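Have a look at the structure below, then the notes.
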Amino acid sequence: MAVSSAPGKVYLFGEHAVVYGEPAVPCAIERRARVEATQRSDSRVRVHAQDLYLNGFSVEYAGPADDRPTVATDQSVLDLGMRYIDGAIDRARDLADQPEVGLDVTVESDLPLGAGLGSSAAVVVAGIDATARELGLELDSEEVANHAYKVEHEVQNGEASRADTFCSATGGAAKVEGDSCETIDAPNLPFVVGYDGGTGNTGELVAGVRALREEYDFAASTVESIGDLVRRGEHALDAGDVDELGRLMDVNHGLLSALGVSARSLDAMVWAAREAGARGAKLTGSGGGGCIVALDETEDTPTALGYTPECERAFRAELDTEGVRREDG
Ligand code: MEV
């Protein structure tokens, strides 16, 4: 049996624009997905997934994805989750040169699925690492990041950057620009996350921004403006200027709204955080629903979010400097 975990992330800046080669700064947070992989004596693959924000599901199959049984839960969320898990298992089996080997795989996650906290990247990173190790193959974190990116890229129909998977595999704060990914120094920022209980479909949201960008020059300029903002943000991060980081987060949220990826619930949480005195607040991840991230070292923002009807839960999130980690001793 091999068990690996990998952290989720928030975007300080730069989601969506990163897909077009602009820089982004994702930060790993201390909330993880854990994957346990155990080789079976037959060639079946059995996946049991327990997400604290879903009711959990269990699926057993032997053939290709089309033969899947129907399961009584939100089928679209289940399908999406299963495609990432399948992708990770298949990739690791291929890498270990054992494409037909049977496995029992258990997934547990502290991260809501499809809500902007990088749950899919964390599951894919931990899944590749655990499955590969169970099959006798040790990969370093950059190799895991690279293979996890390929899985996300495929599942999201080519609409993925390296940001989520790199950040989850290596931990800490990262700067991602095209194929260049590096870990950067960052203070432990006072992140507060607000979650509306909903999800966004990353592939569809990214495709929507792509269409807007192709149709309107102003949308293409908006994407470039996000890149300029991120470059400013890097200086603020270097200088430890939390006020400036907050101001830039506010602007970043406005630019993402202009690209059509915010939602009423996300805007409501962003405004609740700002009115409570947060240094800044923005949606995180692909948007459409899910999470916002705010900067506030006081209890005012978590308290205000707790009273915001659109917010299902609010919590503090510490920067996690550790990426993919073995949990089986
Ligand atoms: C999703 O977490 C972040 C996006 O920028 C897509 C990606 O980078 O792959 C929207």
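In a Gaussian network model over the chain where Cα atoms closer than 10 Å are linked, find which of Ala239, Ala169, Ala268 has the largest mean-square fluctuation. Looking only at Ala239, Ala169, Ala268, the biggest GNM fluctuation is shown by Ala239. The charge dipole of the chain, taken about the Cα centre with unit charges on the Cβ atoms of Lys, Arg (+1) and Asp, Glu (-1), comes to about 380 debye, rounded to the nearest 20. Peptides 108-117, 225-234 ranked from most to least packed, by the mean per-residue count of other Cβ atoms within 10 Å: 108-117, 225-234. Once the chain from Tyr307 to Met1 is taken as fully extended at 0.36 nm per residue, the excess over their C-alpha distance is 105.8 nm. Between Asp300 and Glu215, the simple label model (points 7 Å from Cα in the Cβ direction) yields a spacing of 4.0 nm. Each helix, a run of at least 4 DSSP H residues, gives -39500 (n - 2.57); summed and divided by the residues of the chain, these come to -13000 deg cm²/dmol at 222 nm.
Note on Glu275 and Ser41: with the Förster distance fixed at 45 Å, the Cβ-Cβ geometry gives a FRET efficiency of about 0.15. Among Tyr149, Ala314, Ser161, flag the residue with its Cα farthest along the positive direction of the charge dipole of the chain, charges on Cβ as +1 for Lys/Arg and -1 for Asp/Glu. Result: Ala314. Residue ranges 158-168, 127-137 sort as 158-168, 127-137 when ordered by packing (mean number of other C-beta atoms within 10 Å per residue, highest first). Take the Cα of Asp243, step 7 Å toward its Cβ, do the same at Glu30, and the gap between the two points is 2.9 nm. Can you work out the PRE-style zone for Thr321? Point 7 Å along Cα to Cβ, and I want the residues of segment 1-27 with backbone N under 17 Å. Label zone hits: 7, 27. For segment 259-329, applying the loop criterion from DSSP together with a ceiling of 10 other beta carbons within 10 Å to the chymotrypsin sites (Phe, Trp or Tyr not before Pro) yields Tyr307.
Classify segment 191-316 as rounded, prolate or oblate, taking a ≥ b ≥ c as the square roots of the eigenvalues of its Cα gyration tensor: rounded when a/c is under 1.5, otherwise prolate if a/b is larger than b/c and oblate if not. Taking the square roots of the gyration eigenvalues as a ≥ b ≥ c, segment 191-316 is oblate.
Extension gain for the segment Arg264 to Glu204, taken as residue separation times 0.36 nm less the Cα-Cα distance, is 19.8 nm to one decimal.
Could you work out the relative contact order of the chain, using alpha carbon pairs under 8 angstrom and six or more residues apart, expressed as a whole percent? Relative contact order, the chain: 25 percent.
Each part gets one Cα centre, and for segment 100-119 versus segment 290-329 those centres are 19 Å apart.
Here the average projected area of the convex hull drawn through the C-alpha atoms of the chain stands at 15.6 nm². Solvent-accessible surface of segment 230-329, averaged per residue with a 1.4 angstrom probe and all protein chains in place: 45 square angstrom. Between Arg83 and Asp328, full extension at 0.36 nm per residue minus the direct alpha carbon distance yields a gain of 85.7 nm.
For segment 168-273, what relative contact order do you get, as a whole percent, if you take Cα pairs closer than 8 Å and at least 6 residues apart? Each step should come with its number before you reach the end.
Working: 58 pairs, mean separation 25.2, N = 106.
Value for segment 168-273: 24 percent.
The values are calculated or read from the model by the stated rules, or taken from the named source; none is laboratory data. Computed from a prediction, not measured in an experiment: that's the story for all the values here. All Cβ positions, glycine included, derive from the backbone under ideal geometry; neighbour counts span all protein chains shown. Side chains are part of the model used for accessible areas, which takes the heavy atoms of the whole protein and leaves out ligands, DNA and RNA. Shrake-Rupley method; radii C 1.70, N 1.55, O 1.52, S 1.80 Å.
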